[in-house]
Amino acid sequence: MSKNLRTEDFVIHVAKTFEKQLKEWDPKYEVLLLKMEDYILVVKKNDDDVSVTISETECQILKDHSPYALDRKIWQDLYLQGIPLYDGPGNYMQYVFGQYY
């Protein structure tokens, strides 16, 4: 999918996947995707929010590198900002981080 979608469509798909995963962990999470000069993914929970900014060029490079490279970069940035990562239902996080997640 990462090779076949336009960058914007792929980033939208990734944002929807993030929201789905976060809501499995806690339904209070919300994800907003903004497209300004760069893509800005905002994760909100209650009154707290964190964001990750990625340029269109970086999105394209990550998208072309591997199917989950963009996901991995965003999860790592969110984790560094305090979003906890859980091993929950499904295997999405294992696809993102590999078998050692």
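At a glance:
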{"item": "Any hit, region 10-20, residues being among the β-branched types (V, I, T), open to solvent by less than 20 Å² (accessible area, probe 1.4 Å) and in a strand (DSSP E or B)", "result": "no"}
{"item": "L33 among the hydrophobic types (A, V, I, L, M, F, W, C), crowded, with 18+ Cβ neighbours inside 10 Å, in contact with a strand residue (DSSP E or B) (Cβ under 7 Å, 6 or more places away or on another chain) and more than 16 Å from V96 (Cα to Cα)", "result": "no"}
{"item": "Matching residues, region 44-61, being out of contact with any Ser or Thr (no Cβ under 8 Å at 6 or more places or on another chain) and open to solvent by less than 30 Å² (accessible area, probe 1.4 Å)", "result": "V50, V52, I54"}
{"item": "Candidate set: region 23-59, residues that are free of Cβ contacts under 8 Å to residues at least 40 places away in the same chain and in a helix (DSSP H, G or I); chosen: the one farthest from P89 (Cα to Cα)", "result": "T57"}
{"item": "Evaluation of G90 against (1) in contact (Cβ under 8 Å) with a residue 60 or more places away in the chain; (2) within 21 Å of D9 (Cα to Cα) (one fails), failing number", "result": "(2)"}
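The values are calculated or read from the model by the stated rules, or taken from the named source; none is laboratory data. On a predicted model such as this, the values are computed, not experimentally measured, just so you know. Reconstructed Cβ throughout: ideal geometry from the backbone, glycine too, with neighbour counts over all protein chains shown. Side chains included, ligands, DNA and RNA excluded: accessible areas come from the protein's heavy atoms. Shrake-Rupley method; radii C 1.70, N 1.55, O 1.52, S 1.80 Å.
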